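The values are calculated or read from the model by the stated rules, or taken from the named source; none is laboratory data. Values in this document were obtained by computation on a predicted structure and should not be read as measured data. No Cβ is skipped: glycine too gets one built from the backbone with ideal geometry, and neighbour counts run over all protein chains shown.
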Amino acid sequence: MFFSDLEIDRLIEEDLPYSDLTTRALGIEEQKGRIRYICREKSIAACTEEAKRILEKLGARNISILPSGQCAEAGTTLLEAEGCAGVLHQAWKVCQNLLEYAGGIATYTHEMVEIAGDIPLFTTRKSPPGFKKIAMKAVVSGGGHPHRLGLSETFLLFDNHRIFMDPEKLLQKISSLPKEALLEKTLAVETDSLDETLLFAEYGVRLFQLEKFSPLDLRNSVKLLKRRYPDIRLLATGGIRLENVAEYAATGVDGLITTAPYYFAGPADIGVEMERA
């Protein structure tokens with residue numbers, strides 16, 4: 001996951017628009033020291049590489065990290081660095097916020113992935129505004145996959161598209177798209193009923209998001225659809241979270257789509273220690 005220098009600079013600038021008034025007023029800016037970011041509970045490391053770059057930008061040295069995606073037991077040091085007190089205090093909260101929020105999403109995602117087993121877990125593009133790249137790195141660190149990074153990436157038909165076309169013309173358009181605009185893309189449709197899914201399948205659609213089916217309805221629908229269309233791919237979406245992911249994973253779908261890691265993951269509990277050299 002690539003973060004530009006500008007993106008790293010923006011993270012720093014949010015907390016350091018000018019100078020660190022407290023550290024400068026105390027006259028301790030040049031004192032040598034060390035900083036450590038330590039997990040207080042078991043979690044998945046995420047965005048430690050970006051935290052390292054923040055410290056490097058500010059002038060820290062001898063930086064060591066636990067790579068993103070690694071499981072950190074309570075008491076594990078995620079990141080450690082040396083530098084002047086002025087540098088360490090400038091980096092302190094910026095790095096802590098990044099590690100805690102990214103770590104929380106990564107840990108929640110990892111827990112869902114573990115429960116889902118062989119069924120892949122995808123996260124939606126409904127991450128907090130301005131936070132997408134960090135959220136995506138956190139999801140990948142937790143073993144999940146981005147479902148749809150933006151509108152340019154995939155063709156996905158929703159109800160809100162259909163209201164602008166006559167139903168008959170829409171179905172005719174759907175049947176012709178794979179030979180025209182979607183020669184290199186997969187055509188996917190979100191549906192909220194079995195009948196609707198069967199209708200689009202008759203017109204050649206083979207990838208569906210099944211929206212807000214109950215686990216029981218989903219299991220029955222998947223069984224019928226796969227029997228009738230062996231090459232069909234079915235993704236469950238809508239209301240899937242840690243508490244019910246096992247039920248949805250057992251329905252026979254090919255994948256699960258969720259927003260839960262963004263909505264329900266608390267931040268990782270990461271403590272910060274400094275010491276004077």
| Filter result for Gly150 (modelled with pLDDT of 95 or more and either closer than 30 Å to Met112 by Cα or not assigned by TED's automatic domain parsing to the domain that holds Glu202 (or both)) | no
| Picking from Phe131, Phe155, which residue would you name as being at pLDDT below 95, over 19 Å from Met1 (Cα atoms) and not acidic (Asp, Glu)? | Phe155
| task | Report, by residue number, each residue of the range 42-83 that is of a type in the set (Val, Ile, Thr), within 21 Å of Met1 (Cβ to Cβ) and in a strand (DSSP E or B). | result | Ile44, Ile63, Ile65
| request: Find the residue count for the range 123-145, including only residues that are outside any loop (DSSP other than H, G, I, E, B) and surrounded by fewer than 18 Cβ atoms within 10 Å (Cβ to Cβ). | output: 3
| request: Give just the number: which of (1) among the β-branched types (Val, Ile, Thr); (2) buried (at least 18 other Cβ atoms within 10 Å of the Cβ); (3) in contact (Cβ under 8 Å) with a residue 60 or more places away in the chain; (4) in contact with a strand residue (DSSP E or B) (Cβ under 6 Å, 6 or more places away or on another chain) does Thr48 not satisfy? | output: (3)
